[in-house]
Amino acid sequence: MELEYCLLTPGEHWPDDAASLAAAIRSQGPFQPVVEMAGPDLRVHDAVTGLTSHARLAPYPAQTYEALIQPPGYAPRMTERDRDTALPFQRTVEIRTSAAPDSDPTTVALFHATVTDGLWWLLGGFLADPYRRTVWGWRRWRGDQPLAAHAAETAAHLAAPVAEGGPA
């Protein structure tokens with residue numbers, strides 16, 4: 001099983017050290033992440049759960065945001081202030097979490113949301129959530145609901161049968 005989020009960010013590089021990202025993840029969820037960075041690639045692994053997230057800093061094509069919010073695209077969840085004060089996006093961060101097929105969907109989804117949240121705290125930006133078909137603004141991702149609520153929506157997607165849009 002695999003989950004994916006996309007973070008549109010003004011950040012141009014990873015934090016200076018892996019420890020800051022590991023601390024951000026630990027502070028938000030029950031995980032003990034080991035973070036490895038190599039160029040544009042980042043790997044977060046939790047040995048206790050066996051879960052791994054991979055993130056990649058990719059170029060930001062100017063049409064990406066507009067394509068996301070054009071119908072029938074994602075609903076934008078941001079304030080007017082978010083839109084007015086948004087810094088120009090510099091990168092797209094693709095975040096993928098993989099797990100064995102027999103993994104607990106709730107744990108996988110919480111790990112995925114927690115890793116994403118850690119990156120969001122350190123890099124900022126707008127988060128494209130394919131499970132809600134929503135682009136979350138600067139403060140909305142965490143301001144609207146607790147991280148566990150985001151994870152619950154994602155876990156429901158993982159648990160859904162293939163015919164209903166769940167994992168293949």
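Inside region 42-64, can you point out the residues that are part of a loop (DSSP other than H, G, I, E, B) and either surrounded by 18 or more Cβ atoms within 10 Å (Cβ to Cβ) or touching a residue at least 60 places away in the same chain (Cβ under 8 Å) (or both)? If the condition is that a residue be part of a loop (DSSP other than H, G, I, E, B) and either surrounded by 18 or more Cβ atoms within 10 Å (Cβ to Cβ) or touching a residue at least 60 places away in the same chain (Cβ under 8 Å) (or both), then 49, 60 are the ones that fit. Is it the case that some residue within region 84-92 is open to solvent by less than 40 Å² (accessible area, probe 1.4 Å) and either under 30 Å from residue 47 (Cβ atoms) or not in a loop (DSSP other than H, G, I, E, B) (or both)? Within region 84-92, one or more residues are open to solvent by less than 40 Å² (accessible area, probe 1.4 Å) and either under 30 Å from residue 47 (Cβ atoms) or not in a loop (DSSP other than H, G, I, E, B) (or both). When the test is whether a residue is within 11 Å of the chain's Cα centre (by Cα) and part of a helix (DSSP H, G or I), residue 67 does not pass it. Mind listing whichever residues of region 2-20 are open to solvent by less than 50 Å² (accessible area, probe 1.4 Å) and either in contact with a Leu (Cβ under 6 Å, 6 or more places away or on another chain) or not in a helix (DSSP H, G or I) (or both)? 3, 5, 6, 7, 8, 9, 10, 11, 14, 15 - these are the residues of region 2-20 that are open to solvent by less than 50 Å² (accessible area, probe 1.4 Å) and either in contact with a Leu (Cβ under 6 Å, 6 or more places away or on another chain) or not in a helix (DSSP H, G or I) (or both).
Restricting attention to region 1-45, the residues that are more than 23 Å from residue 131 (Cα to Cα) and not hydrophobic (A, V, I, L, M, F, W, C) total 16.
Would you tally the residues in region 124-142 being open to solvent by less than 20 Å² (accessible area, probe 1.4 Å) and not β-branched (Val, Ile, Thr)? Reasoning before the result, please.
Of the residues in region 124-142, the ones open to solvent by less than 20 Å² (accessible area, probe 1.4 Å) are 124-129, 134-137, 141.
Now narrow it down to the ones that are not β-branched (Val, Ile, Thr): 124-129, 136-137, 141.
Final tally of qualifying residues: 9.
If you go through region 126-150 and pick out every residue that is assigned to a loop (DSSP other than H, G, I, E, B) and in contact with a Pro (Cβ under 9 Å, 6 or more places away or on another chain), you end up with 2.
The values are calculated or read from the model by the stated rules, or taken from the named source; none is laboratory data. Note that the structure is a prediction, hence the values are computed from the model and not measured. Note that each Cβ is placed from the backbone with ideal geometry, even for glycine, and that neighbours are counted across all protein chains shown. In case anyone asks, the SASA skips ligands and DNA or RNA and just uses the protein heavy atoms, side chains included. Shrake-Rupley method; radii C 1.70, N 1.55, O 1.52, S 1.80 Å.
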